[in-house]
1. From (1) out of contact with any helix residue (DSSP H, G or I) (no Cβ under 7 Å at 6 or more places or on another chain); (2) within 14 Å of another protein chain (Cβ to nearest Cβ); (3) outside any helix (DSSP H, G or I), pick out the condition that doesn't hold for residue B:219.
2. Return yes or no: is residue B:192 within 14 Å of chain A (Cβ to nearest Cβ) and either at pLDDT 85 or above or in contact with a strand residue (DSSP E or B) (Cβ under 6 Å, 6 or more places away or on another chain) (or both)?
3. In the range A:74-85, what residues are more than 8 Å from chain B (Cβ to nearest Cβ) and crowded, with 19+ Cβ neighbours inside 10 Å?
4. Sort through B:363, B:292 and tell me the only one that's within 14 Å of chain A (Cβ to nearest Cβ), surrounded by 13 or more Cβ atoms within 10 Å (Cβ to Cβ) and touching a helix residue (DSSP H, G or I) at 6+ places or on another chain (Cβ under 8 Å).
5. Do you know which of the residues in the range A:102-119 that are surrounded by fewer than 19 Cβ atoms within 10 Å (Cβ to Cβ) and not in a loop (DSSP other than H, G, I, E, B) is nearest to the other protein chains (Cβ to nearest Cβ)?
6. Identify all residues within the range B:63-76 that are surrounded by fewer than 16 Cβ atoms within 10 Å (Cβ to Cβ) and in contact with a strand residue (DSSP E or B) (Cβ under 6 Å, 6 or more places away or on another chain); write none if there are none.
7. Quick check on residue A:94: is it over 17 Å from residue A:216 (Cα atoms), touching a residue at least 60 places away in the same chain (Cβ under 8 Å), within 14 Å of another protein chain (Cβ to nearest Cβ) and touching a strand residue (DSSP E or B) at 6+ places or on another chain (Cβ under 9 Å)?
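The values are calculated or read from the model by the stated rules, or taken from the named source; none is laboratory data. Fair warning: this is a prediction, and the values are worked out from it, not measured in the lab. Glycine gets a Cβ as well: all are built from the backbone with ideal geometry, and neighbour counts include every protein chain shown.
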């Protein structure tokens, strides 16, 4: 039986008169890859910030990794990983310094850091570059390194905010292989993206329009429902109803 | 705590790995103190003087020759009356003038002795002060020589007039001034820049999602700059004492404690700027315009506050450097203790509490 690691019910966030996130409800199971789609300004980022414990909701309920987003944000922060579209690594630190730093702020012990770090570098094929500054790595490597660092502390859930922005299709494919491997290890992946081909890789996707979730199903289910053979088409049909612009 | 140390270590790597930052942080204070120090050097050589000789007797000639013969002074000729001196000052011909009264020789033999006048252009108070000291020494020397073993009644005294800036405000100003400027640069600007850089790079977001508490992040950012500041204060003081011969008359510990307080104010201002800005350029701009200009113009470092028009005098009260400046000058140059500067210290402490509270509030608000 699968257990839900993210549950939201009527989760709402208002900024003044503006309702950025309008009573969304969803649940994500352990080990699932959940695609969180929506046009710019649809409210994705706001929703994600609430799940990460960065922003208090205005109304509604949500639990992430079993903790309440209203009251247990510190516990949530310890149980999740996060990677944003902009690299989350420090350019002027070496590969291994970045690993040590992030492991350090998540409270990993010295032995643990060394062991996991070495294993990670080996998997990434970066052992030879461990002393190199991150600045000198090609973008694809940086990105895979950033993802590995984000899950180094073995979080239950990892939030990826448009992780593949601005990289080429081959690198993106490589990156998704890493996401699958993480999911196989039981890490839930909550990912926002603009690339509809990536939506096809997800177990389930939701599409947000004007702060509301207008569709939530498996990619196949969505295509069937809208009688089309591409997620892109589904997305465009729903997004066109949007009244809100950026 | 380990988390915190890891963060501090990372900040140090940022500083050490960027040569430009390192040069600004550590090199600039030294360069500044040396430039200011040597621009306002105490060494006097061949300074030109004019004289007004109302007496014209052999004794007055000897005195003038004596002054000219010393390696410090060089005659720029005789002038007539106060207008002549004024003209020479204004044209920049010389910075000091000697006035010998009528009947000089006769006066030297009277019991109360003779008095010559030394008039200095004190628009540059440091130089004026030095010149007058040297000239007085020459006159005193001359007087002692004339008197021989028979001490007074034979004497020449000198009387000095400082033109343009009679109270000599501004003497020894540069060391306290440079200290205030350097601490502001290191703490305010650099702190603001490093926080904003993390915002720009997106790493701040990751920090905030991490279990690291926001306040700790801020604190960890401040620690390296606090340490760098202490290093800078030490360098400045060492250079002042050993290279520039500016004394530390007061308690060194008190000087450091006050510097730490001022550093705290500067740090809190940097954090405040960083919470209000989104780009490094803006942060830099605000730091420069909002912090540096007032520090240079309104702290009393360059221009005496007493001479400012009332609105600027009032405005100068909100410039933290103004208070720090008074403290450093008192402790360092005048050798006073906490009793003399408790008021200024209290003002700085108040500013520290105020800015820190504001910065933390704004920082938390931004998170909400």
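1. Result: residue B:219 passes all but (3).
2. no
3. A:76, A:79, A:81
4. Testing whether each residue is within 14 Å of chain A (Cβ to nearest Cβ), surrounded by 13 or more Cβ atoms within 10 Å (Cβ to Cβ) and touching a helix residue (DSSP H, G or I) at 6+ places or on another chain (Cβ under 8 Å) leaves just B:363.
5. Quick first cut of the range A:102-119, residues surrounded by fewer than 19 Cβ atoms within 10 Å (Cβ to Cβ) only: A:107, A:109-112, A:114-116, A:118-119.
After this cut, where a residue has to be not in a loop (DSSP other than H, G, I, E, B) as well, the list is A:110-112, A:114-116, A:118-119.
Details: A:110: 9, A:111: 13, A:112: 12, A:114: 14, A:115: 17, A:116: 15, A:118: 18, A:119: 20 Å.
My answer is A:110.
6. Listed by number, the residues that qualify are B:68, B:74.
7. no
Per-residue answers, yes or no, for (1) at pLDDT 80 or above; (2) more than 10 Å from chain A (Cβ to nearest Cβ); (3) in contact with a helix residue (DSSP H, G or I) (Cβ under 8 Å, 6 or more places away or on another chain):
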| residue | (1), (2), (3) |
| --- | --- |
| B:4 | yes, no, yes |
| B:8 | yes, yes, yes |
| B:18 | yes, no, no |
| B:23 | yes, yes, no |
| B:26 | yes, yes, yes |
| B:40 | no, yes, yes |
| B:45 | no, yes, no |
| B:50 | yes, yes, yes |
| B:53 | yes, yes, yes |
